[in-house]
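Everything below concerns the one structure shown next.
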Amino acid sequence: MIPASFEYERADSSDHALELLDRHGEEAKLLAGGHSLLPMMRLRLATPAVLIDVGRLTDLSYVRDDGDAIAIGALTCHEDIKDSDVLKQHCGIVAHTAGEVGDPQVRHLGTIGGSIAHGDPASDLPTVMLALDAQFVVRSSGGGRTLAASNFFSGLFETALEPTNLLTEVRVPKLSGGWSYQKFHHRAQDWAIVGVAAVQHNGGAAVALTNMSDVPMRAAGVEQALASGSDAATAATEAAQNTSPPSDPFGSAEYRRDLAKVLTRRALQEAMSS
Amino acid sequence: MAQVADTAQKYMGGGVLRKEDPELLTGRARYIDDISMPGMLWVGIVRSPFAHATINTVDTSRAANLPGVRAAYSGADLASEWADGLPCAWPVTEDIKIPKHWPVAQDKARFAGDPVAVVVAETRAQAADATEAVDVDYDPLDVVIDMEAALGDGATKVHDEFDSNSCYVWNLEVGDVDDVFNNAAVVVKERYYHPRLIPNAIEPRGVVCQPNLPQGEFILYSATQVPHILKTTLALTLGMPEQKLRVIAPEVGGGFGSKLNVYAEEAICVAVGRRLGMPVKWIEERSEGYLATIHGRDVIQEMEVAADSDGKLAGVRANLKADMGAYLQLVTPGIPILGAFLYHGVYDCQAYSFTCTGVFTNKTPTDAYRGAGRPEATYAVERIMDSLARKLEKDPIEIRRLNFIEPFNEAREVASGLSFDSGNYEASLDKALEAFGYDEMRAEQQRRRDSGDTKQLGIGISTYIEMCGLAPSQVLGSLRYAAGGWDAATIRCHPTGKVTVVTGTSPHGQGHVTSWSQIVADELGVAFEDVEVLHGDTAISPLGMDTYGSRSLSVGGIALHYAADKIITKAKTIAAHELEVSEEDLEYDGGIFSVKGAPDKSKTVAEIAFSAWTAHNLPEGTEPGLEATYVFDPPNFTFPSGAHLCAVEVDTETGMTRVEKYVAVDDCGNVINPAIVEGQVHGGIAQGIAEAMYEEAVYDDNGVLMTSSMASYRVPSAAELPSFQTDRTETPSTTNPLGVKGIGEAGTIAAPPAVVNATLDALAPMGVYHMDMPVSPERVWAAIRNARGQEVESRGKDTTAAGSGLGSADTPGGDA
Amino acid sequence: MRRVSLTVNAVEHEAMVEPRQLLVYFLREQLGLTGTNVGCDTSTCGACTILLNGKSVKSCTVLAVQAEGTEVTTIEALAQDGDLHPLQQAFHETHALQCGYCTPGMIMAALDLITNNEDMDEDEIRTGLEGNLCRCTGYHNIVKAIQQASSEMRSFATK
């Protein structure tokens, strides 16, 4: 269908975007690549009164080596992230996983900031961010703040972002060890039925899960088992601990729990061997 | 009339590129949504969100007041437009229950998606806005979604006027079936559920109606496979003189059966156009189409075979329950009947029984989907042949060879009562086995089994047969179908030597323009480029029965062949007159009549076309002009067959299953265009794999479609499929003079059992003997898990004893 | 209504559009470029694929106003002076289309793939087409067409 009518504002700078957000408040939605929002609007599952298009903020499209961290502009599209040499060198899991999002056409327009701000538990990049302990730089007209990924995803399609906030940058660490993202999906362009991110960093291992709860979540039980000396296969059996995965036509909760264990084992083995 | 059968073949059988392509490749083709006209209004349909509900009130006032809205109608507002309900042309039994099916529901909605109101606005967006602004007050009612529950005592009825949800019971029995089963050494009985499928032609449906009120004429453009059937039946629904309705199928973006129908929206657009006197257009949204366009299959099959101790088949008994959905669309009840005679496949037996019960439920109506009835039959027989082999500890190839009907070149009667036209089933199997590398694949499978590999290999076989060339009109009559099965062609030889062909078939991707040009170019000796083929417009092509059921070549193409014969017969008379010899003294080859023994004395068909046009010197009693029409009613069906082999790799931890190798050797008789035949096979296989592994329409308990868009209903992409190895054997049909059989549905019919047999073959060592389609990762995972959980128990059972029934011993009908 | 100006197939256009106008309908209904088709409403099927600033995108999931100042290429721009583009020619020669409805989107997606990836093997081509659905061909000949066009376009480019 054609989306319901809305008012359209095009932001020509971050400051302008923040001013528009202040003016329109909760009635407004930010439009970046539009690949999460527009399909929902076409089915009229979302009917925002105002769209603030931040797609022109090209100064927020970058991948930079920033000392200890890699800084990624929130409006960097998945395709650019996938192809980023800086990321491939220092934090390959982000480049790899961006290449797993949607399909080429989606990756040409969809942005990392959009993916993260949408708060979809079936989305891949939020899980990777969680495993990486990424930092999100957020601006509002009152100033800026940095949120940890661990405090960001608050519920189904809900995040710590307030209606007047603009996510401007994603900061991920330079990884010292191996990594893996295991996306299990039936068709290549589908969302993950379950996804597992595993990274080795600073002598420890982090594991996070896609679509195993209302929010992307860390597999705490697995991490604890590894910390206390378990091998990958043993630790992976804890992957379903405290999860609450959905049941839908493509996977019962029980199936997803079992998949999480298998994929966690595979992810850990791949991360540890690279 | 045998002149042209022996003519030299220059184009037929050769590698000719399609004439259709340039327009399609450059974006110049005109599909339904590309049609626009001044003053055109947009129609939007308001649909019930409930699967079953009483419609109390429909308030259109809010919608009517929106900007750009020209009209808004409830079902009651439009009731006077209908002289009759939407047609069901196949009342399969005398006592079938046929509910009235109004284009817009008036009292009750009977499936989620049932139209309840219509809006008309100036733009696409305004029509969308208006559909959201119609206020309908419903009282939701209890729903029946499951077929077996629908047949139970006290079930909620979909139609109050009937005493139950049983629509019909259709029987066929040949031989003493009970006796054969009672005395058989081995009986295998299994139960299969054939999932509900959504056709997904990539072009959604759409309709444009252009009224000419002063003349009382209407042009209906529709993305349809069946412009001719649509014209006749819609005239009855609308109470409109048939000669005043012209139906045009523009470029049509795929059908697969989903556009073989007469839909509410087609009736609605003509009715609204008639009311407003303005052109109107409706274009289906994809997710709307998931509710409003027919679904396919949704059949429970109880399949039973009796055999001797070697595995030689003695009897077949099939008992089906087929979900009709909430209403009967054009041929809904007849779909299972198209498979009814094929449950013994390419094997012979003495006794045969088929029963089908049609069942109403509160779901989207089902109807023809690529294969229509024949995939169900093939799936049942090819699955159970594997089970019979397993029970007798034989290789599935061996059990098939034991039972094949011997090669035959003359029509022969088979157990179900059909007369197969010709067949050589060994030949295609041999060729397929060689291409597949069967022995090496088995060795690789054994290696993986021995090493306990996480990824196991399975090999599946499907030696299928189908029934095409729909259909001999007398047979259709005896099956109570309301129309004939003939088709028509006209050849018009222009004085300039060019040729126009008018066909009654209505292609939507099959390349008829190319294939028909090949036939005529060879038979009349004209250049391929000089043949124009017209189709899909009832004013240009008044005679026709359209395109479905792999019928176009073996019925419409044969009409064309006979029309060419008529042209040659007339041209010969004129040529003999001009050359001053008797007709017997003339030879005909490749468009040239020459005098026997004096080949320099000759005339071409093109020359005769010119003299027939000038009419200066025609034989006594000869009409001027060189044009002929032939209407061909086939004397029999055609029976394409073949052998498909599939290897799958199963990740036994996650259940993920992928087709690794696929070999198809098909026999569709003689071939006009090999590239088109291969293309049909490729697409059919992909659709069959999709059916076997990916796709299923899933409803929740309230009758809400959960797989409600392309994002959740999993049509596979290139990334999920392998390339296919295809080859052919050619056993000419005895049904028609070109020896052709048809290839449109073969792949879709053959592939599902090949894939499922392969998956089960991979898992058999784990004790998994049954799964229903789609063999999705979760299903596979669950089957393995269940088998492991029941390891001790199932090992204790004697699953090979006669009569115990594999299906009943091993998680009957279920895998979850 | 909002003014939008963009370049489509090398022609500059300026028009007034409703903000909710999808780019694909702007192209089809306002510019009359009906070669780009619509097959779904969930950004799944890829029939509406065009190039936006040289990158393949699904034009049913872009607002016309988002395309302000961009360069759009549609299927209509590929054939030059009546000669098919090598990709179109390869689709023709390998019988990579039947009903033709997915074809414009498939070709535009393939054009992006070939332009940005050298020496793709079959798996890479198949994965690269994950966002385009075809119901007729089973993809077999589409993959062949892209292989053929890819080598022809590369050999042409290196001449």
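The lysines whose alpha-carbon is closer than 18 Å to the alpha-carbon of residue B:244, local same-chain residues fewer than 8 away aside, are B:231.
Distances between placed amide hydrogens fall under 5 Å for residue B:42 paired with B:121, B:122, B:123, B:281, all partners being 5 or more residues away or on another chain. In percent, rounded to a whole number, the relative contact order of chain B is 16, using alpha-carbon pairs under 8 Å and six or more apart. Descending by average beta-carbon neighbour count within 10 Å, the peptides C:25-38, B:540-553 line up as B:540-553, C:25-38, the highest first. Among the complete DSSP H segments of chain B, which ones combine at least 15 Å of alpha-carbon extent along their axis with a mean Kyte-Doolittle hydropathy of 0.0 or more? Span-like helices in chain B: B:227-238, B:264-276, B:512-524, B:558-579, B:674-689, B:746-763.
Take the Cα of residue B:419, step 7 Å toward its Cβ, do the same at residue B:589, and the gap between the two points is 3.4 nm. In this calculation the C-beta distance from residue B:79 to residue B:17 is compared with R0 = 56 Å, giving a FRET efficiency of 0.60.
Rounded to the nearest Hz, the phi-derived 3J(HN,Hα) couplings of segment B:493-502 under the Karplus curve 6.51 cos²θ - 1.76 cosθ + 1.60 (θ = phi - 60°) are 8, 7, x, 7, x, 8, 10, 10, 10, 10, where x marks glycine and proline. Annotation for segment B:573-660: trypsin sites (Lys or Arg not before Pro) lying in DSSP loop with at most 13 further Cβ atoms inside 10 Å of their Cβ are B:596. If exposed means no more than 10 neighbouring beta carbons inside 10 Å and the site is in a DSSP loop, what's the longest run of chain B without any exposed GluC sites (Glu not before Pro)? Answer from the scan: B:162-392. Computed from Cα positions, the angle between helix A:253-273 and the longest principal axis of chain A comes to roughly 80 degrees. Using a simple spin-label model with points 7 Å from Cα along the Cα→Cβ vector, what separation in nm is obtained for residue B:217 and residue B:701? Once both label points are built, they end up 5.8 nm from each other.
Mean partner shielding of peptide B:653-662, defined as the number of other chain Cβ atoms within 10 Å of each residue Cβ, is 3. Averaged over residues, the count of other Cβ atoms within 10 Å places the peptides B:487-494, B:563-570 in the sequence B:487-494, B:563-570, highest first. Counting charges near residue B:360 (Lys, Arg +1; Asp, Glu -1) among other residues having Cβ under 11 Å from its Cβ returns a value of +3.
Using 1/(1 + (r/R0)^6) with R0 = 35 angstrom and r between the beta carbons of residue C:14 and residue A:248, what's the FRET efficiency to the nearest 0.05? Calculated value: 0.15. Counting Cβ atoms of other protein chains within 10 Å of each Cβ in B:275-285 and taking the mean gives 1. With contacts taken as Cα pairs under 8 Å and at least 6 residues apart, segment B:705-781 reaches a relative contact order of 13 percent. Expressed to the nearest 5 percent, the antiparallel share of DSSP beta bridges inside chain A is 85 percent.
Relative to the longest principal axis of the Cα atoms of chain C, helix C:103-116 runs at roughly 70 degrees. Taking 26 Å as the straight-line reach from the Cα of residue B:394, the lysines in range (excluding those fewer than 8 positions away in the same chain) are B:189, B:312, B:431, B:455, B:661, B:797.
From its DSSP helices (H runs of at least four residues, each -39,500 (n - 2.57)), chain B gives a residue-normalised ellipticity at 222 nm of -8000 deg cm²/dmol. Computed from backbone phi with θ = phi - 60° and the Karplus coefficients 6.51, -1.76 and 1.60, the 3J(HN,Hα) list for segment C:136-147 is 9, 8, x, 6, 3, 6, 5, 4, 4, 4, 5, 4 Hz; x is used for glycine and proline. Kindly express, to the nearest 10 degrees and within the range 0 to 90, the angle between helix A:14-24's C-alpha long axis and the longest C-alpha principal axis of chain A. Long axis of A:14-24 versus the principal axis of chain A: about 70 degrees. Computed over chain C, the per-residue total of -39500 (n - 2.57) for DSSP H runs of n ≥ 4 gives a 222 nm mean residue ellipticity of -9500 deg cm²/dmol, rounded to 500. What spacing in nm lies between the two simple spin-label points modelled at residue B:623 and residue B:569, each 7 Å away from Cα in the Cβ direction? About 1.3 nm, to one decimal. Report the net charge of residues surrounding residue B:484, where surrounding means a beta-carbon distance below 14 angstrom and charges are Lys +1, Arg +1, Asp -1, Glu -1. Every neighbour counted, the sum reads -1. Cβ-Cβ distance of residue B:57 and residue C:118, R₀ of 60 Å, FRET efficiency by 1/(1 + (r/R0)^6): the value works out to about 0.40. For segment C:86-158, the relative contact order works out to 53 percent when only alpha carbon pairs closer than 8 Å and six or more residues apart are counted.
Only the coordinates and a few stated rules stand behind these numbers; no lab work does. Since this is a predicted model, take the numbers as computed values, not measurements. With ideal geometry, Cβ positions are generated from the backbone for all residues, glycine too; neighbour counts draw on all protein chains shown.
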